Amino acid sequence: MDLAVIVLLVILVILVFIILLRSVRIIPQARAGIVERLGKYQSTLNPGLHFLIPFVDRLLPLIDLREQVQSFPAQSVITEDNLVVGIDTVVYFQVMDPRAATYEIVDYIQAADQLTSATLRNVVGGLNLEEALTSRDKINAELRGVLDSTTGRWGIRVSRVDIKEITPPPSIQDSMEKQMRAERERRAVILTAEGDKQSRILMAEGQRQAAILSAEGEAKAAILRADGEAQAIRKVFDSIHRARPTQKLLAYQYIQTLPKVAEGSANKVWMIPAELGDALRGVGDFLSRPDEDGQGPERTWSDADDEPGPEHADEPLVTPEAVRVTEEDLQPNLERTTVDPDEFTIPRPSTIDPDAPVRLDDPMPPQDGPEAR
């Protein structure tokens, strides 16, 4: 008898435990539970502790209220230009009404997949391949609008739809790669040509500026050289005028200048001036005349006098005082020049006949008399 009571008590405890287990429900956060009483919708359980009537109320599987991400496999879509492309989509949705998601649709995930495929075919079917590849934002917006309006009665809100990948046929991919390669090569050629053009323009501009600067420098240098030569000529003529050179000095310089005519490898013929004979006679006459002491050339007259005057052999050809370099000569003043180079003429021996033929075997002129001048 005691054994039967013990068994009965154990069974009663087990039944009480089962009843308590079925009557107490804890709903976690971001979940929702649908309660059916005798097969009919009773209520929606929110997160927390709830008590149900055992064997009368039934709790359906919990529904996740968080935003979910569902990636659908590639869908074959035919574009407007009859090309088959594969499009992968990703849908972001959230259950807003657990009761509608439970009783309005059997499987809202599968329904969203099928609805996305149908909508994608309608949207992409009106676009060609180029537009489909470059209009992803437009396709995403149209897909989201259609899905959100349709799934709203299912208690689902579609927050975002993204096209993950668009895969054209392999032949189209090869053509697109060739087209892109050709376009990039064309751009590279254009950029290279533009760079070469700019470099040529800059080089031409630099050469032009260099030529201008070089011409300006040469012009200034020529002006400075001309000014220097002009000052040098004025200085030389002024010095010659102040030095009062004699006829003997001029004849000697004239003879020294003649060998310079033959300088240069291109000179084949040396033309002897007609005045050479007279110049040689004048110099030889001067060198052969002894002075009064028998030690030098004979006295002669200077250019300053019209009559012969005394002159010694050791007398310089020019007056030393006339050619002495002073501080004033180192700083010439062209305005003080009293000699006009155009009016200055080099005196020549009076016996030189420009038209007479040159003969080196002619006798020397007499040593005395006006012919020796």
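See the values below:
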read-out	value
Label-point gap, in nm, between Leu9 and Ala193 - each point 7 angstrom along Cα→Cβ	10.6
Segment Asp64-Asp174, extension gain: residue separation times 0.36 nm, minus the distance between their alpha carbons	35.1 nm
17 Å cut-off, amide nitrogen to a point 7 angstrom out along Glu36 Cα→Cβ, residues in region 83-103	98-103
Protein-only accessible surface order, largest first, of Leu65, Leu202 at 1.4 Å	Leu202, Leu65
Percent of C-alpha pairs per 5 Å bin, region 1-101, short to long	2, 10, 13, 12, 11, 9, 8, 8, 7, 6, 4, 3, 2, 1, 1, 1, 0, 0, 0
Computed lengthening from Arg200 to Thr134, 0.36 nm per intervening residue step minus Cα-Cα distance	19.8 nm
Sites Ser159 and Ser71, calculated FRET efficiency, Cβ-Cβ separation with R0 22 Å, nearest 0.05	0.90
Cleavage-rule hits (trypsin sites (Lys or Arg not before Pro)) in region 1-73: DSSP loop, at most 10 neighbouring Cβ within 10 angstrom	Arg66
Cα radius of gyration and Dmax for region 100-165 (Å)	12.9, 42
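The values are calculated or read from the model by the stated rules, or taken from the named source; none is laboratory data. Being a predicted model, the structure only gives us computed values, none of them experimental. Note: ideal-geometry Cβ built from the backbone for every residue, glycine included; neighbour counts use all protein chains shown. The protein model used for the area step is the full one, side chains on, heavy atoms only, and it has no ligands, DNA or RNA in it. Shrake-Rupley method; radii C 1.70, N 1.55, O 1.52, S 1.80 Å.
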